[in-house]
Amino acid sequence: MRKKIVAGNWKMNKSYNDGLVLCYDILDKVAEPKATVVFCTPFIHLYAVNEVLKNREGFFLGAQNCHQEDKGAYTGETSIEMLQSVGVDYVILGHSERREYFGESDALLAQKTNKVLSNGLTPIFCCGESLDIRDAGSHVAHVNAQIEAGLFHLGAEEMEKVVIAYEPIWAIGTGRTASPAQAQEMHAAIRSLIAGKYGADLANSISILYGGSVNAANAKELFSQPDVDGGLVGGASLKADEFATIINSF
Ligand code: 13P
């Protein structure tokens with residue numbers, strides 16, 4: 001059975017104190033999560049949030065990025081060993097904001113994926129198309145190409161540890177969610193791409209999350225689609241009530 005996951009991507013939001021308050025507020029509202037919950041906080045919050053989460057079943061810590069090298073003269077960067085040393089379990093890779101604003105290429109993301117997996121952490125590998133690409137009808141081909149370039153060098157024993165997040169760029173932060181049918185279509189296409197290379201059993205065991213304007217009102221319908229295994233949530237993960245409702249949407 002594949003895992004149900006709700007991951008909150010705080011992006012570059014919340015001061016240290018406000019982040020801790022958010023974390024405590026969410027924990028107060030969710031006694032026993034029905035899904036694996038991941039808090040993908042900014043780097044400065046990781047240590048303290050881990051201290052809060054570590055005794056709570058079902059809650060995990062995620063980073064929003066990592067560097068592809070082990071260590072060295074990379075000013076401003078954060079290594080996988082550093083992340084591991086503060087209790088990080090998941091690392092978001094290839095978010096469209098990293099691809100677009102920081103020029104992260106498929107080849108770089110393949111390297112980062114290797115680094116995360118070889119250290120025993122779980123990558124949340126993001127993919128998704130722009131509005132132009134969707135309007136041109138080539139969204140499935142585009143997403144397939146991102147997955148092939150970023151992940152298909154992996155052996156089966158590594159691939160089965162990957163979590164994929166489909167995040168159409170036109171739905172991120174816009175309030176315009178993909179319809180449940182649009183999400184299901186893409187998730188099924190991703191699963192079938194993976195099945196073609198790694199077999200149906202492996203494809204069926206991988207969690208594929210939807211991201212893009214997920215909120216308390218639409219989460220239940222999105223998560224009820226057969227190939228949608230949860231969400232990667234931006235704005236709504238910054239509001240304790242909303243995020244708690246999303247976690248309880250399974
Ligand atoms: P929003 O939920 O704010 O649209 O952001 C989605 C996202 O980018 C999560 O990684």
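The values are calculated or read from the model by the stated rules, or taken from the named source; none is laboratory data. From a predicted model like this one, the values you see are computed outputs, not experimental measurements. Note that we place each Cβ from the backbone using ideal geometry, even for glycine, and neighbour counts take in every protein chain shown.
Restricting to region 1-29, and then to whatever is within 16 Å of the ligand (Cβ to nearest atom) and among the polar types (S, T, N, Q), can you tell me which residue is surrounded by the most Cβ atoms within 10 Å (Cβ to Cβ)?
Among those that are within 16 Å of the ligand (Cβ to nearest atom) and among the polar types (S, T, N, Q), it is N9.
Inside region 31-45, can you point out the residues that are surrounded by fewer than 22 Cβ atoms within 10 Å (Cβ to Cβ), under 20 Å from the mean Cα position of the chain (by Cα) and aliphatic (A, V, I, L, M)?
I44 - this is the single residue of region 31-45 that is surrounded by fewer than 22 Cβ atoms within 10 Å (Cβ to Cβ), under 20 Å from the mean Cα position of the chain (by Cα) and aliphatic (A, V, I, L, M).
Criterion first (assigned to a loop (DSSP other than H, G, I, E, B) and in contact with a strand residue (DSSP E or B) (Cβ under 8 Å, 6 or more places away or on another chain)) does N65 satisfy it?
So N65 fits the description; yes.
Name the single residue that is modelled with the lowest pLDDT among those in region 159-183 being over 21 Å from A136 (Cβ atoms) and out of contact with any helix residue (DSSP H, G or I) (no Cβ under 7 Å at 6 or more places or on another chain).
It comes out as G175.
Testing E32 on (1) within 16 Å of the ligand (Cβ to nearest atom); (2) at pLDDT below 95, one condition comes back false. Which one is that?
Condition (1) is where E32 drops out.
State whether the residues of region 230-240 include one that is farther than 21 Å from F59 by Cβ and either among the charged types (D, E, K, R) or within 16 Å of the ligand (Cβ to nearest atom) (or both).
no
Just for region 151-180: of the residues that are of a type in the set (F, W, Y) and farther than 20 Å from T36 by Cβ, which one is farthest from the ligand (Cβ to nearest atom)?
Taking the candidates together, the pick is F152.
Could you give every pair whose Cβ atoms fall below 6 Å, whose first residue belongs to region 224-238 and is farther than 12 Å from C40 by Cβ and touching a residue at least 24 places away in the same chain (Cβ under 8 Å), and whose second residue is of a type in the set (K, R) and more than 15 Å from the ligand (Cβ to nearest atom), counting only separations of at least 6 or pairs across chains?
Pairs that qualify, where the first residue is farther than 12 Å from C40 by Cβ and touching a residue at least 24 places away in the same chain (Cβ under 8 Å) and the partner is of a type in the set (K, R) and more than 15 Å from the ligand (Cβ to nearest atom), are D227/R191; D229/R2; D229/K4; G230/K4.
Residues of region 211-223 being more than 9 Å from the ligand (Cβ to nearest atom) and more than 16 Å from K3 (Cβ to Cβ), which ones?
Matches in region 211-223: A216, A217, N218, A219, K220, E221, L222.
Could you say whether any residue in region 35-46 is away from the ligand (no atom under 16 Å from the Cβ) and more than 23 Å from C126 (Cβ to Cβ)?
Scanning region 35-46, I find no residue that is away from the ligand (no atom under 16 Å from the Cβ) and more than 23 Å from C126 (Cβ to Cβ), so the answer is no.
For region 134-144, give me the residue count where each residue is surrounded by 14 or more Cβ atoms within 10 Å (Cβ to Cβ) and among the hydrophobic types (A, V, I, L, M, F, W, C).
2
Identify, please: which residue in region 181-210 is in a helix (DSSP H, G or I) and within 16 Å of the ligand (Cβ to nearest atom) and is, among those, nearest to D135 (Cα to Cα)?
Q182
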